[in-house]
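Undergrad: One structure is given below, represented as structure tokens, and several questions about it will come after.
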Amino acid sequence: MSPTDASRRSDELQQLHARIRSEALALPAPPASDVLPRAAVTAELPADHPQRLNYALDDFLHVHNEEFVELAYRCLLKRAPDAQGHLELLQRLAAGDSKIAILGDMRESVEGRGFGVEIRGLAARYRFWRLTRLPLVGSLIERAALLWNLPEIAREQRRLGQALARESHSGELVELAAELARLRREMQRLRRDTERSGKGD
């Protein structure tokens, strides 16, 4: 390409760029209602979306075991759990460790602070949990909190009982469906045998 061609091409690109800019400036501004705060926009993203940085504590408290570990990693650390971290969190849950403690520890880890995820309601409850770990007074604080939260604990137990009953019923339905399918096959076999014996007579 000759210097003249290169110069002409550069001029054409500059003209195109200027035209695009002027057309963009001529576009009407969006209505004020369309401009949402960043937190509102990210709250509409799926829970495990890498750009979502705002959650409510309730998003995590009603999931359990493997599902909780997966959700905590994907929301707070924006990645899938590694094998060691996955096992450690499952062991903490099995040992009766609080989800508040686990979420708080993950949020306050070096990796967690790097993402700056906010969970509404976590900070105060995590600080309280840390108070309950203090020598001597920690156990007294924890007992007082348990007494205070007994109604909420009872509600959660009832909710879990209902969830377990639903799961149990769904398991029974699967067994009944399998039994029904077996009986249908048996009836078809008997029908065929009856038809054959009728033809043989």
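We did not get these values from a lab; they are worked out from the coordinates using the rules stated. A quick note: this is a predicted structure, and the numbers were derived from the prediction, not measured. When we count neighbours, we look across all protein chains shown, and the Cβ atoms used for this are built from the backbone with ideal geometry, even at glycine.
Undergrad: Give me the Kirkwood hydrodynamic radius of region 149-201, using the inverse of the mean 1/r over all pairs of distinct Cα atoms, in Å to one decimal.
TA: Working: mean 1/r = 0.0680 Å⁻¹.
Taking every pair of different Cα atoms in region 149-201, averaging 1/r and inverting gives 14.7 Å.
Undergrad: Across region 179-191, in residue order, what do the Karplus-derived ³J(HN,Hα) couplings come to in whole Hz, using 6.51 cos²θ - 1.76 cosθ + 1.60 with θ = phi - 60° and x for Gly and Pro?
TA: The phi angles translate into 5, 4, 4, 5, 5, 4, 4, 5, 5, 4, 5, 5, 4 Hz.
Undergrad: Now for a separate question. Got a sec? How would Val174, Val69, Val63, Val110 order by Cβ neighbour count within 10 Å, fewest to most? If you can, show how the numbers build up before the last one.
TA: Numbers: Val174 10, Val69 21, Val63 15, Val110 6.
Lowest to highest Cβ neighbour count: Val110, Val174, Val63, Val69.
Undergrad: Using the per-residue mean of other Cβ atoms lying within 10 Å as a proxy for protection, in what order, highest first, do the peptides 100-108, 149-157 fall? Could you put the intermediate results ahead of the total?
TA: On the way: 100-108: 19.3, 149-157: 10.0.
Sorting 100-108, 149-157 by mean packing, highest first, produces 100-108, 149-157.
Undergrad: Another one. From the alpha carbon gyration tensor of region 38-135, can you work out the equivalent ellipsoid semi-axes (sqrt of 5 times each eigenvalue) and give them in Å, largest to smallest?
TA: Values: eigenvalues 88, 53, 29 Å².
After diagonalising the Cα gyration tensor, the semi-axes are 21, 16, 12 Å.
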